[in-house]
Amino acid sequence: MMNQVDLLNVQVDNLTQTELLEGLRAGGFVVTPNVDHLSKLQRDPEFYRIYRDATYRVCDSQILMYASRWLGTPLREKISGSDLLPAFCQHYRNDPGTRVFLLGGAPGVAEQARARLNTLAGREVVVGTHAPSFGFEQDESECQSVLNIVQRSGANVLVLALGTPKQELWFGRYQQQLPTISSVLAVGAAVDFAAGQSMRAPRWMSYTGLEWLHRLWQEPRRLWRRYLLDDVPVLWLLTLQRFGRYRVPQWMLAPEEVELAIATPGLETPPQVNASSDPS
């Protein structure tokens, strides 16, 4: 069984949720690729670098589950951020050394999520929350204030609910200033779901890959462009990968892969990728 599955040069860890939760005893940075993430990763080098350096990349999309099967490298389980957050709190409910901080959400929402998650766990597993102002990531003084709030909370697990790619880029920029944080979960809207502010899609829609339609129905003005324009090209790129025609952008390659490509006539992509040309 493959330990990782390649989706457009993003190495997705082929784990179950239980395996991931156990692995996090040793700490780690978790990102949750979905179709929108793959779209952004094809054109944002900084976002891709942070994603590549994450400890765990776990599939948060039924569409990508289907794609992995179509590519002949099936993923074992979908691990959505909205499921992972409450599962993490329950998994570590008897471990007093696990202390969680929720960063993000509208004012008051993270506090609602905190109360519900602590009730679920049966103890004060979530020890702090903070809702930064809109655009805070562009204000160095506010970023330093946020870092101080997280550090003073005594948390060793940071849940990022700032939206993608903001949350990943922010952590990539400031991770060296969070020495007491051993685990980071970049789970976006999971705090809204944990607080009961957003309704989960019916199970049948999630299972059939239509969760995006449910979210689009809930927030059409915010999400129409993402789902109907920005993410559609990913399906074409996955088709190219399926038939060995996807070419990895050169900036995605590690230095040793670039050197290999230069040294080997006719080799334009890393050996592990069946690839070739971008639709443009």
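The values are calculated or read from the model by the stated rules, or taken from the named source; none is laboratory data. Just so it is clear, the structure is predicted and the values come from calculations on it, not from any experiment. Note that each Cβ is placed from the backbone with ideal geometry, even for glycine, and that neighbours are counted across all protein chains shown.
Of note:
- Qualifying position, being touching a residue at least 12 places away in the same chain (Cβ under 8 Å), of a type in the set (A, V, I, L, M, F, W, C), within 22 Å of Leu237 (Cα to Cα) and touching a strand residue (DSSP E or B) at 6+ places or on another chain (Cβ under 8 Å), among Val58, Val30: Val58
- The one condition from (1) over 19 Å from Gly27 (Cα atoms); (2) in contact (Cβ under 8 Å) with a residue 60 or more places away in the chain; (3) assigned to a strand (DSSP E or B) that Leu102 does not meet is (1).
- Of the residues Pro132, Pro179, Pro107, the single one that is over 29 Å from Arg222 (Cα atoms), assigned to a loop (DSSP other than H, G, I, E, B) and either in contact with a helix residue (DSSP H, G or I) (Cβ under 8 Å, 6 or more places away or on another chain) or not charged (D, E, K, R) (or both) is Pro179.
- Qualifying positions in the range 105-134 - of a type outside the set (A, V, I, L, M), modelled with pLDDT under 95 and under 21 Å from the mean Cα position of the chain (by Cα): Gly105, Phe134
- Selected residue (criterion: surrounded by the most Cβ atoms within 10 Å (Cβ to Cβ)) from residues of the range 34-47 that are of a type outside the set (A, V, I, L, M, F, W, C) and under 20 Å from Gln175 (Cα atoms): Asp44
- Residues that are under 21 Å from Asp230 (Cβ atoms), outside any loop (DSSP other than H, G, I, E, B) and in contact (Cβ under 8 Å) with a residue 40 or more places away in the chain within the range 162-176 comprise Gln167, Glu168, Leu169, listed in sequence order.
- Exactly one residue out of Glu256, Glu268 is outside any loop (DSSP other than H, G, I, E, B), more than 19 Å from the chain's Cα centre (by Cα), modelled with pLDDT under 75 and of a type outside the set (A, V, I, L, M, F, W, C), and it is Glu256.
- Among residues that are within 13 Å of the chain's Cα centre (by Cα) and either within 23 Å of Glu211 (Cα to Cα) or buried (at least 19 other Cβ atoms within 10 Å of the Cβ) (or both), Val5 is not included.
- Lone qualifier among Ala195, Ala190 - being among the small types (Gly, Ala, Ser) and either more than 19 Å from the chain's Cα centre (by Cα) or modelled with pLDDT of 95 or more (or both): Ala195
- Filter result (surrounded by fewer than 16 Cβ atoms within 10 Å (Cβ to Cβ) and either touching a strand residue (DSSP E or B) at 6+ places or on another chain (Cβ under 9 Å) or more than 17 Å from Val109 (Cα to Cα) (or both)) within the range 125-144: Gly135, Gln138, Asp139, Glu140, Ser141, Glu142, Gln144
- For Tyr66, the requirement of being within 22 Å of Leu240 (Cα to Cα), surrounded by fewer than 22 Cβ atoms within 10 Å (Cβ to Cβ), out of contact with any helix residue (DSSP H, G or I) (no Cβ under 8 Å at 6 or more places or on another chain) and in contact (Cβ under 8 Å) with a residue 40 or more places away in the chain is met.
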